[in-house]
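Asker: Sharing a structure, written as structure tokens. Questions coming.
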Amino acid sequence: MQHLLHTQDLSRADAIALLDSAAGFARQKQHTGSAKTDLLGGKKIINLFFEDSTRTKISFETAAKNLGAEVLSFSARGSSVSKGESLKDTAQTLQAMGADAMVIRHWASGAAHKLAHSCWVNCAVLNAGDGTHEHPTQALLDAYTIRQRLRLAASPGQGLDGVRVVIVGDILHSRVARSNMWLLSTLGASVTFVAPATLLPFGVAQMPARVSHSLDEALAEKPDVVMLLRVQHERMRAGFFPSIPEYVASWGLTAERFAALPDSTLIMHPGPVNRGVEICSAAVDAAQTSVLEQVENGVFVRMAALAMLLKTGLQEVS
Ligand code: CP
């Protein structure tokens, strides 16, 4: 059984193979107008979403359909979860209808790992975001977008060696920051976390990332990429900063900070975006910002992940 649960142990070779495979699907779409194939014809993929999602859920559905697979989508809202049904019973119920892969998003860190290693189900498991732990396909689509935008993907096998990435905001609650930190460092990029001390995770000194508390100092170093993160109010049980205006003044990509950035700086955001909080509206809509390109690339990356797990086999990452 093979799974994609996190990027922490994803090898450089597997990560690059996945990005190259995604690039193949993108090229097919560019040349033929369609990314559709029949690679996974006859396979059934079940999306299990216990937490809200727009991008990841629709992207996995589109990716599976592009590969010719049958897709069933489950949302906890409106399901028997409200009657007390457990993750185990929900997963086994859906497995009984036949599944070659399950894509799971869950509010609990470790839920994807539990599903993959509990013997509850007998299929590949892909983590679509678990609590504050990891969101591996988001990091892969971000790495793919950086490779494309910085024109590093001209030759297959290209990593992100020497690329300098600043990740700003609510690192503490961000599975995107964690997955990006592991993957970007595996691919040779350097990562700087910029956040107030209250929004940094325990043990950050042991992680492969520099830490700065000043966004202005980090931007003055002219990084190649600036990735903004959403302030995750829904995961906060306490006041991590005095007020939104004070957060914006210190940590937001304001109109003034955006205007001072070189045009060549790639601005990224995984979405959903809080316009006017972590990023100003002008920056969201700017040509040097890749928010929608990240969404588009996500379909190719998820096609590559599903195809590798179900067709050719990716080394287990769990
Ligand atoms: N980036 C991301 O995971 O977005 P969704 O929550 O909309 O899936």
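Since every read-out is calculated from the coordinates, none of them should be taken as a lab result. The structure displayed is predicted, hence computed values, not measured ones. As a convention, Cβ positions derive from the backbone with ideal geometry for all residues, glycine included, and neighbour counts pool all protein chains shown.
Asker: Rounded to two decimal places and with Rh computed the Kirkwood way over Cα pairs, what is Rg over Rh for the chain? Could the numbers behind the result be given before it?
Answerer: Details: Rg = 19.2 Å, Rh = 19.9 Å.
So for the chain, dividing Rg by the Kirkwood Rh gives 0.96.
Asker: A further question on this structure: Add +1 for every Lys or Arg and -1 for every Asp or Glu among the other residues with Cβ under 11 Å from the Cβ of Lys36, and state the total. Could the numbers behind the result be given before it?
Answerer: On the way: positive: Lys29, Lys65; negative: Asp38.
With Lys, Arg at +1 and Asp, Glu at -1, the net is +1.
Asker: Cα to Cα, under 25 Å, and not fewer than 8 places away if on the same chain: which lysines meet these conditions relative to Lys222?
Answerer: none
Asker: What are the semi-axes of the equivalent ellipsoid of region 38-86, taken as the square roots of 5 times the eigenvalues of the Cα gyration tensor, listed largest first and rounded to whole Å? Show your work: numbers first, answer last.
Answerer: On the way: eigenvalues 117, 31, 6 Å².
Here the semi-axes work out to 24, 13, 5 Å.
Asker: Next up: Over the Cα atoms, compute the radius of gyration (one decimal) and Dmax (the largest Cα-Cα distance, rounded to a whole number) for region 51-162, in Å.
Answerer: 16.3, 52
Asker: Sort 240-246, 282-288, 140-146 for me by packing, meaning the mean count of neighbouring Cβ atoms within 10 Å per residue, highest on top. Before the final figure, lay out the partial values.
Answerer: Details: 240-246: 12.7, 282-288: 15.4, 140-146: 26.7.
So the order, starting with the most tightly packed, is 140-146, 282-288, 240-246.
Asker: Additional query: So what is the relative contact order of region 27-76, in percent, for Cα pairs below 8 Å that sit 6 or more residues apart? Numbers along the way, then the final one.
Answerer: Values: 69 pairs, mean separation 23.8, N = 50.
Normalised by residue count, the contact order of region 27-76 is 48 percent.
Asker: Relative contact order for the chain: what is it in percent, counting Cα pairs under 8 Å that are at least 6 residues apart?
Answerer: Working: 603 pairs, mean separation 75.0, N = 318.
After rounding, I find 24 percent.
Asker: Considering the dipole of region 237-294 built from charges on the beta carbon (Lys and Arg +1, Asp and Glu -1) around the Cα centre, which of Val277, Thr254, Ser290 is farthest to its positive end?
Answerer: Val277
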